[in-house]
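Working notes, beginning with the structure itself.
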């Protein structure tokens, strides 16, 4: 899994007056965006579905499952199993839940808690976001089960649970400060979430670590993690913004340094990919155009060099040279994303052609670009394949986390 920056991360947080969403026992509730810009959505349950867009005002409607929801000019249009249609005010989010409190299915995936639909009028009058409101301890099993292989060691699952909880609560805090209608994405833009799970190892790991988070100097740590470090961990300051509102990426435990690694069992510990120079150039140009970077004007690609490495020896910054010797600087993560960016007329990137990390050496010869790389993902923080190996050696979650996030503490937050 690769936690990556997204467009919203490059905007400074805006102060807002928000209500802290906790349950009666103080457990935080997560607002997880499970779909965006949907034009229609289907929800099912083993029984009836309760629909409401004025929670607490006594106006819920119970409908036969499954129900279909779309937006019309007059508001939300909800059609039940028998074809009966109800209309709801589009000025408020639409809430849906299982009548008996069980999981509610969105598409084919069951989700615990409640689902809220939010209009996106600045994008289109007919689209909406689907957001799962769920207590964090019911959210986390659906993350941990997706992030790790099901047969991995219990201590690896516990390590993942603490890191995922820490990241989720940090992102929740950041999003609530901005006044957003969701806290976290359900994809690898944040951390992958698969809804309700029956994975007993994941469920037990979350229960065993309930409320535990990583902190640094008393503050919640944004505990990044990725699949495979390749032996050279990345640095948050080289990967994401560090300006106003993003100072957390300067935290010392999130910077790469030499350490023991044990991810040699990963299929992407070391890899090579070869593409045509034209393919790479066109993708880099397309990425530059989409991201607003001057590299969009690059007319040829003659050489790619590592310009700077971090303390662990991992590539941190590249320079891309054209045939005239002019160069453009990109961070390692930017270069990875640019190399994988879609471009008109080029085939989709697949596993065999994907650049899996920014820790690469690049050689250009006779119209071909050869990438020799290490690892999968940004490499910041916990390495999942290292974690599994350390767990099989008998190390505890606390001991493993101390390897990846030095000088941090583990605290109970609720």
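Every number in this text was worked out from the coordinates using simple rules, so none of it is lab data. In this text, all values refer to a predicted model and were calculated from it rather than measured experimentally. Reconstructed Cβ throughout: ideal geometry from the backbone, glycine too, with neighbour counts over all protein chains shown.
Here are the numbers for this structure:
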quantity: Footprinting exposure proxy for 279, 190 (fewest neighbouring C-beta atoms within 10 Å first); calculated: 279, 190
quantity: Whole-number D in µm² s⁻¹ for segment 163-308, Kirkwood Cα-pair radius fed into Stokes-Einstein, 37 °C, 0.692 mPa s; calculated: 174 µm²/s
quantity: Rel. contact order, % - alpha carbon contacts under 8 angstrom, at least six apart, the chain; calculated: 17 percent
quantity: All-pairs alpha carbon distance profile, segment 40-126, 10 Å steps from 0, percent; calculated: 18, 54, 26, 2
quantity: Gaussian network model of the chain, springs between alpha carbon atoms under 10 Å - residue of 30, 298, 176 with greatest fluctuation; calculated: 298
quantity: Efficiency of FRET from Cβ geometry, residue 311 and residue 289, R₀ 30 Å, rounded to 0.05; calculated: 0.35
quantity: GNM result for the chain, Cα springs below 10 Å: residue of 219, 341, 118 fluctuating most strongly; calculated: 219
quantity: Rounded to 10°, Cα long-axis angle of helix 136-147 versus longest principal axis of the chain; calculated: 40 degrees
quantity: Estimated distance in nm for a label pair at residue 247 and residue 35, the labels positioned 7 Å out from Cα along Cα-to-Cβ; calculated: 4.1 nm
quantity: For segment 270-374, radius of gyration divided by Kirkwood radius, i.e. Rg to Rh on alpha-carbons; calculated: 0.93
quantity: Least to most buried among 386, 263, 229 (fewest other Cβ within 10 Å first); calculated: 263, 386, 229
quantity: Nearest 10 degrees, 0 to 90: helix 277-291 Cα axis against the chain principal axis; calculated: 50 degrees
quantity: Calculated [θ] (222 nm, deg cm²/dmol) that DSSP helices of n ≥ 4 give over the chain, each run adding -39,500 (n - 2.57); calculated: -6500 deg cm²/dmol
quantity: Tilt relative to the chain, helix 154-178 - C-alpha long axis, 0 to 90 degrees, to 10; calculated: 80 degrees
quantity: Estimated Rh, segment 214-288: Kirkwood, alpha-carbon pairs, angstrom; calculated: 15.3 Å
quantity: Rounded D (µm²/s) - the chain, Kirkwood Rh over Cα pairs, Stokes-Einstein at 20 °C, 1.002 mPa s; calculated: 93 µm²/s
quantity: Simple spin-label estimate for residue 412 and residue 300 in nanometres, 7 Å along Cα-Cβ; calculated: 6.7 nm
quantity: Neighbour-count ranking [beta-carbon atoms within 10 angstrom, fewest first] of 119, 387; calculated: 119, 387
